[in-house]
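> Dropping the structure in here first, questions after.
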Amino acid sequence: MNKLPTSSLFKNAAIYSVSNILNSLIPFLLLPILARVLLPAEYGMLAMFQATLGILGAFTGLSVQGAVGVRFVDREKIDYPRYIGSCFFILLCSSLLTLGVIYFFRAPLSNFTSLPPFWLLIAVVVSFCNFLISIRLVIWLMSQKPVRYGLSQVSFSAINVGLSLILVLLFKQGYEGRLWGQTLAFTTFSIVGLASLAWAGWVKFRPSWMYVKEGLDFGLPLIPHVIGIFLIGLADRFIINQQIGLAAAGIYMAAAQLGNGIGLFADAFNKSFVPWLYAQLKQDDPTAKQRIVKGTWIYFAVALSIASIIAFVSYWILYIIAGPTYTKAAKALAWLAFGQAFSAMYLMVTNYIFYKRQTKILPGITITAGTIGVTLTWFLAPIFGITAAGFSFAVAMCLRFLMTWYLSQRVCPMPWFTFGSWANH
């Protein structure tokens, strides 16, 4: 019987947690400073830029980075470096097309997002660079090299924060200083990451039409899925900007960044969990499945407990970290915390769908949940303000988790409710 390497799992999870936390501490480290240096409206510009990046992620690269991770398991059976090169070809073509569309419609898009046309175009470049970085990280992740993964993220964080602070505080560049710091960090690390892949022999810049087609078969069905994620997690910024104002969007963004705390730990654990889970599922060991399910139930309980604590002290979290101006987002933060808990729970069940390569069923879930969330925000925001956005986010995340859980059980059955047999494992 194949024993579960839990010590290795949690050791890697700890490394991923530290690196993920340091990397994701960027908004937390910058929030107390930027919230006091920038006006809420300027902070709203940062919110709009991040939201724009979220929707662009569906089109620059067409989500084929997920195929790189899935194909890693079967890399000996294919020309894997050429497969990665084919995914880069998809990235290049899709990014150029996206850049052209943004340029052509820059005026109406600028009016809608409140971003200058220049920063809309820069957002495409940043999204392009983010794809390159994610491929480098995926290879380290699937190779189970958490130290290299972590060092890369920590270095990125240091440069991102350092440049942003220098440009905002010393050169008085306002919100643009933060955006330039982010842009320069992404550009630098995408170049380094690409050079690292080429040096290590992980990529061949000779695209294969067969691999391009395979990558598109994986990624194209995920576009609606990514759009659904955007509707759930980022569209509320646009609605708040349109209905309440740019300053309100900035205040809501501060609460959303703080609410992401649960997501940091969830993403860190999931990065270590995925390679290990795939290996266990490949063995098809009933005992292993029992232990996986038992651990997942405990994980669910911990996520909801942490969300409850954050909701209880949400006012003081905002008061201490962001300042008195942002405490009006306390109720929104409470709901956002529960939404993040449901998101963490979603990660634990969606892995089975990716393992079975049944990604075509995900778009319907995310679009449905996202549409419900956006609809609730649109109608409730004029009445309840930014609190409505937090509530709608929690509802959408809960629905996405429950629907994904149901469908994951259809494609990859697990003993979720056989509680009596746990004592024997």
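> To the nearest 0.05, how large is the calculated FRET efficiency for Thr368 and Ile33 if R₀ is 41 Å and r is the Cβ-Cβ distance? Kindly include the intermediate steps, with their values, before the conclusion.
Values: r = 39 Å, r/R0 = 0.95.
Efficiency, rounded to the nearest 0.05: 0.55.
> Only helices at least 30 Å long along their axis, Cα-based, and averaging 0.5 or more on Kyte-Doolittle count here, so list those DSSP H runs from the chain. Mind showing how you got there, number by number?
On the way: long enough: 6-37 (45 Å, 1.12); 80-104 (36 Å, 1.45); 117-142 (38 Å, 2.13); 174-199 (38 Å, 0.58); 261-283 (34 Å, 0.29); 286-312 (40 Å, 0.97); 330-355 (38 Å, 0.98); 362-384 (32 Å, 1.48); 386-411 (38 Å, 1.08).
Within the chain the helices that satisfy the rule are 6-37, 80-104, 117-142, 174-199, 286-312, 330-355, 362-384, 386-411.
> Nearest 20 debye, what's the magnitude of the dipole of the stretch 225-425 about its Cα centre given +1 on Lys and Arg Cβ and -1 on Asp and Glu Cβ?
320
> Could you check the simple spin-label distance between Ile166 and Gln283, using points 7 Å along Cα→Cβ, in nm with one decimal?
For the pair Ile166/Gln283, the computed spacing is 4.9 nm.
> Rounded to the nearest 500, what is the chain's calculated 222 nm mean residue ellipticity when only DSSP H runs of at least 4 contribute -39500 (n - 2.57) each, over all residues?
-27500 deg cm²/dmol
> What's the ranking of 236-242, 292-298, 386-392 by average number of surrounding C-beta atoms within 10 Å, highest first?
Numbers: 236-242: 23.4, 292-298: 15.6, 386-392: 25.9.
Going from most to least packed, we get 386-392, 236-242, 292-298.
> Continuing with the same structure: Considering Cα pairs under 8 angstrom that are at least six residues apart, work out the relative contact order of the chain and quote it in whole percent.
Numbers: 628 pairs, mean separation 98.8, N = 425.
That works out to 23 percent.
> Of the listed peptides 317-327, 225-235, 109-119, 178-188, what is their order by residue-averaged count of other C-beta atoms within 10 Å, with the highest listed first? Write down the numbers at each step before the final one.
Numbers: 317-327: 17.5, 225-235: 23.4, 109-119: 16.0, 178-188: 21.1.
Final packing ranking: 225-235, 178-188, 317-327, 109-119.
> How big is the stretch 362-417 by Rg and Dmax over its Cα atoms, in Å?
For the stretch 362-417, the Cα-based Rg and Dmax read 13.9, 44 Å.
> By the scheme Lys and Arg +1, Asp and Glu -1, what is the net charge of all other residues having a beta-carbon under 14 Å from that of Asp217? Could the numbers behind the result be given before it?
Values: positive: Arg71, Lys213, Arg357, Lys360; negative: Glu214.
Taking every other residue near Asp217 into account, the sum is +3.
> Would you please give the FRET efficiency between Ala200 and Val73, computed as 1/(1 + (r/R0)^6) with r the Cβ-Cβ distance and R0 = 25 Å, to the nearest 0.05? Write down the numbers at each step before the final one.
Values: r = 19 Å, r/R0 = 0.74.
Here the calculated transfer efficiency is 0.85.
> If you don't mind, another one. From Cα pairs below 8 angstrom and at least 6 apart in sequence, can you work out the relative contact order of the stretch 225-425, rounded to a whole percent? Mind showing how you got there, number by number?
Values: 257 pairs, mean separation 68.4, N = 201.
Relative contact order, the stretch 225-425: 34 percent.
> Still on this structure, I have one more. By counting other Cβ atoms within 10 Å of each Cβ, how are Glu76, Glu176 ranked from fewest to most?
On the way: Glu76 6, Glu176 18.
The order, fewest Cβ neighbours first, is Glu76, Glu176.
> So for the stretch 225-425, considering every pair of alpha-carbon atoms, how many percent are separated by more than 25 Å? Please report the intermediate quantities before stating the final value.
On the way: 8043 of 20100 pairs.
Roughly 40 percent, rounded to a whole number.
> Here are some pairs, Lys145/Lys204; Lys331/Lys360; Lys77/Lys282; Lys213/Lys360; Lys145/Lys356; which of them have Cα atoms lying more than 26 Å apart in this structure? Spell out each step's value before the answer.
On the way: Lys145/Lys204 22 Å; Lys331/Lys360 36 Å; Lys77/Lys282 17 Å; Lys213/Lys360 16 Å; Lys145/Lys356 24 Å.
Among Lys145/Lys204; Lys331/Lys360; Lys77/Lys282; Lys213/Lys360; Lys145/Lys356, the Cα-Cα distance tops 26 Å for Lys331/Lys360.
> How many nm separate the modelled label positions at Tyr103 and Phe384, each set 7 Å beyond the Cα in the direction of the Cβ?
Those two pseudo-labels are separated by 4.4 nm.
> Could you calculate the contour length gain from Ile191 to Cys93, that is, 0.36 nm times the residue separation minus the distance between their Cα atoms, to one decimal place in nm? Could the numbers behind the result be given before it?
Working: separation 98, 0.36 × 98 = 35.28 nm, distance 1.79 nm.
Taking 0.36 nm per residue and subtracting the Cα distance, the gain is 33.5 nm.
> Non-local amide H neighbours of Met414 (under 5 Å, H modeled in plane, Pro and chain starts lacking H): which ones?
Those lying under 5 Å, H to H, from Met414: there are none.
> Something else about it: Just want the answer: with Cβ charges of +1 for Lys and Arg and -1 for Asp and Glu, which residue in Gly219, Leu234, Ile365 is farthest toward the dipole's positive end in the chain?
Positive-most Cα among the choices belongs to Gly219.
Read-outs: derived from the displayed coordinates by stated rules, not from any lab. Just so we're clear, the structure is a prediction, and the values are computed from it rather than from any experiment. In this analysis, Cβ positions are derived from the backbone assuming ideal geometry, glycine residues included, and neighbour counts consider all displayed protein chains.
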